[in-house]
Structure formats: C-alpha cells, structure tokens
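Okay, structure first, notes after.
The values are calculated or read from the model by the stated rules, or taken from the named source; none is laboratory data. No experiment lies behind these values; they were computed from the predicted model shown. With ideal geometry, Cβ positions are generated from the backbone for all residues, glycine too; neighbour counts draw on all protein chains shown.
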Amino acid sequence: MTTRINPSILAADFANLERELGRISTADLVHVDIMDNHFVPNLTFGLPMVQRLAQVSPIPLDVHLMIEDPDRWGPGYAEAGAHSVTFHAEAAGEPVALARRLRQIGARAGIALKPGTDATPYLDLLPEFDQVLVMTVEPGFGGQSFIPETMSKLARIADAVQDAGLDVWLQVDGGITAETIGIAAEAGANTFVAGSAVYNGDDPAQRIAELRDAAAAHPHSHR
C-alpha cells in the first residue's frame, strides 16, 4: 500500500512559507487549509496565496476547502494549480457536479466529512471522487487531539472502496502523530495530514520518515 504523508502548512512559519515548503520536500503533497471564518471559526489562506504556493512548492498542493459555497469557489483553486481540491460534504450544494468540474479542470476531486457526518449517503458516490477525507478532529484549528470514534466510519469507507475496486485515496486529518497514525492506517487510511507532528521539531524530513514507517507498520486488514 502506498503511504502518503501530507504535512499541513497550518503548522509552518507563515513568514517564511517558501523555506517551510522546502523543509518538507520529502513529503508527498503539502496540505493547505483554506478557512473562511464562516464554515469554520478561523481564517487562513485564500486564492492568491494558493496561486503563489503552487508556483514555488517542490511538491503538489493538496487543498482542503473549509469554506461555505465551495460549488462557487472550489473550481478557482483547481485553476490556480492545486493538484487536489477537497471540499466539505456539509457545505456543497451539488457535490457530484462540483467533483466533476474539478476533475474537468485537471485536479483530483476530494470530499471531506466532519466527525459527526454519516458516510452512508456518499458510499454509492465513491466513483465520483479521487479522495475521501475523514476528519479526525472538528475542522477549524490545528493542534487538536485525534478522535478515535471516527475510525469505524473510515473502515466502512475503506471496505466500500475495496469492494468496488476503486482507486480512492483515504485521507485523515487531525491529531495525526507517530502514535495515532497506526490506528488510522489499520482502519484503512493511506493519506495522512500531519501539522505539528512534522513541523514542531528541528528536522521535518526525519518526522516525515518516522510517520511513513509508523503507518507502514500497521497495514489495513479488509473485513
């Protein structure tokens, strides 16, 4: 199984983002959290920042839209150069139409589910998406603790993906550390967002390698 480590620049030094991107060049993608202070009670980056990051990043951008009305704003992030654009199920009016539009532009299309959101309505729609993000914290702030109760939902989605023979990346975001990454990997995750676990130290590359090893040590077992 391919293990992808996507460090979140929410934990990086905002005054030196180009340097901070260089420090994680051994990662697979860089996770960029877009927050609008409406869908979540926090404000981060917007479209001009993503355009610029796409120009200087050594690795592809994995954009996570924690915003209202992604149907309107989401395609712009694909056009700005994001490799992957993930929007929230709770915010999208027409998730399938939006995913198809993102793919048409050339980005991978992802759908995100908050901890309290039921996966059932989306299981039949899995072929429309390239990635499903199971939030393992309530979205809005970095540095929160992992919610283990989200793992049963992740495992259900992982089983549905395998049963249908799909190539859908299963991503987890929130409280991912060398300790919790194995729990998520066993439940079926293969793409891991980590913020403070990568950036809170002198050597992000070493942290990325440790996370990779910890995930690989806990393979997913199909039910």
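Quick check on this structure: which one of L113, L154 is hydrophobic (A, V, I, L, M, F, W, C), under 19 Å from L98 (Cα atoms) and touching a residue at least 24 places away in the same chain (Cβ under 8 Å)?
L113
Would you confirm whether any residue within the stretch 90-107 is assigned to a strand (DSSP E or B) and either at pLDDT 95 or above or small (G, A, S) (or both)? Give the derivation first.
Just the residues of the stretch 90-107 that are assigned to a strand (DSSP E or B), to begin with: none.
No, the stretch 90-107 contains no residue that is assigned to a strand (DSSP E or B) and either at pLDDT 95 or above or small (G, A, S) (or both).
Among the numbered conditions (1) surrounded by fewer than 23 Cβ atoms within 10 Å (Cβ to Cβ); (2) under 17 Å from N6 (Cα atoms), tell me where T120 comes up short.
(2)
Considering only residues that are of a type in the set (D, E) and within 16 Å of R4 (Cβ to Cβ), look in the stretch 187-222 and name the one that is surrounded by the most Cβ atoms within 10 Å (Cβ to Cβ).
It comes out as E210.
Filter the stretch 190-202 for residues that are part of a loop (DSSP other than H, G, I, E, B) and in contact with a helix residue (DSSP H, G or I) (Cβ under 9 Å, 6 or more places away or on another chain) and give the result.
Of the residues in the stretch 190-202, the ones part of a loop (DSSP other than H, G, I, E, B) are 190, 195, 200-202.
N190, G195, N200, G201 - these are the residues of the stretch 190-202 that are part of a loop (DSSP other than H, G, I, E, B) and in contact with a helix residue (DSSP H, G or I) (Cβ under 9 Å, 6 or more places away or on another chain).
Checking the conditions here, which among I24, I59, I34 is closer than 15 Å to A205 by Cα and buried (at least 22 other Cβ atoms within 10 Å of the Cβ)?
When all the criteria are applied, what remains is I24.
Are any residues in the stretch 97-155 aliphatic (A, V, I, L, M) and either out of contact with any strand residue (DSSP E or B) (no Cβ under 9 Å at 6 or more places or on another chain) or farther than 17 Å from L170 by Cα (or both), and if so, which ones? Reasoning before the result, please.
To start, the set of residues in the stretch 97-155 that are aliphatic (A, V, I, L, M) comprises 97-99, 102, 105, 107, 109, 111-113, 119, 123, 125-126, 132-135, 137, 147, 151, 154-155.
Of everything in the stretch 97-155, those that are aliphatic (A, V, I, L, M) and either out of contact with any strand residue (DSSP E or B) (no Cβ under 9 Å at 6 or more places or on another chain) or farther than 17 Å from L170 by Cα (or both) turn out to be A97, L98, L102, I105, L123, A155.
Taking only the stretch 1-20 into account, find how many residues are assigned to a strand (DSSP E or B) and either free of Cβ contacts under 8 Å to residues at least 40 places away in the same chain or in contact with an Asp or Glu (Cβ under 7 Å, 6 or more places away or on another chain) (or both).
Pass one, the stretch 1-20, residues assigned to a strand (DSSP E or B): 4-8.
Still in the running and either free of Cβ contacts under 8 Å to residues at least 40 places away in the same chain or in contact with an Asp or Glu (Cβ under 7 Å, 6 or more places away or on another chain) (or both): 4-6, 8.
Here the count works out to 4.
Yes or no: R103 without any contact (Cβ under 8 Å) to a residue 24 or more places away in the chain and either in contact with an Asp or Glu (Cβ under 6 Å, 6 or more places away or on another chain) or charged (D, E, K, R) (or both)?
Numbers: without any contact (Cβ under 8 Å) to a residue 24 or more places away in the chain: no; either in contact with an Asp or Glu (Cβ under 6 Å, 6 or more places away or on another chain) or charged (D, E, K, R) (or both): yes.
In short, no.
I want to confirm something. Restricting to the stretch 161-179 and keeping residues that are more than 13 Å from the chain's Cα centre (by Cα) and in contact (Cβ under 8 Å) with a residue 40 or more places away in the chain, which single residue is nearest to E20 (Cα to Cα)? Spell out the reasoning first.
Residues of the stretch 161-179 that are more than 13 Å from the chain's Cα centre (by Cα), as a first pass: 161-167, 177-179.
Subsequent filtering for residues that are in contact (Cβ under 8 Å) with a residue 40 or more places away in the chain retains 162, 166.
On the way: Q162: 36, L166: 34 Å.
Here the residue is L166.
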